[in-house]
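Remarks on the structure that follows.
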Amino acid sequence: MARKKNVNLDIENNVRSFIWDAETLDLIRTVDLPKGIRQGWGLATRTVETKTGLVEQVYITDGTAHIYVVDPKTFEVQKTLTVKYFLWH
């Protein structure tokens, strides 16, 4: 069973992510966010079922129209989603 973790963003410290053990609150590691993400406004995770099994995804927003899908181990950007607003009448 995978160990449960808590993650928080620190925009005061070079936009860094801190990963904590959810049960002991021990710091597991720190990760710098990928280049191009200048502010960390939000972070979420989800588990997706693929043909090869379950895959954890991390989503980061920087307050712009972009949502970055990053690898949870390396924090490298895998995909960038652009949010568009449409006004329907």
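The values are calculated or read from the model by the stated rules, or taken from the named source; none is laboratory data. The structure displayed is predicted, hence computed values, not measured ones. We place every Cβ from the backbone using ideal geometry, glycine too, and count neighbours over all the protein chains shown.
Within the range 40-56, the set of residues being assigned to a loop (DSSP other than H, G, I, E, B) and either over 17 Å from residue 9 (Cβ atoms) or out of contact with any strand residue (DSSP E or B) (no Cβ under 7 Å at 6 or more places or on another chain) (or both) comprises 51, 52.
Residue-by-condition table, conditions (1) in a strand (DSSP E or B); (2) surrounded by 10 or more Cβ atoms within 10 Å (Cβ to Cβ); (3) at pLDDT 85 or above:
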position	(1), (2), (3)
1	no, no, no
9	yes, yes, no
17	yes, yes, no
58	yes, yes, yes
64	no, yes, yes
69	yes, yes, yes
79	yes, yes, yes
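Return yes or no: is residue 37 surrounded by 15 or more Cβ atoms within 10 Å (Cβ to Cβ), outside any strand (DSSP E or B), aliphatic (A, V, I, L, M) and within 15 Å of the chain's Cα centre (by Cα)?
So residue 37 fits the description; yes.
Tallying residues that are over 19 Å from residue 10 (Cα atoms), touching a strand residue (DSSP E or B) at 6+ places or on another chain (Cβ under 7 Å) and not aliphatic (A, V, I, L, M) within the range 67-84 yields 4.
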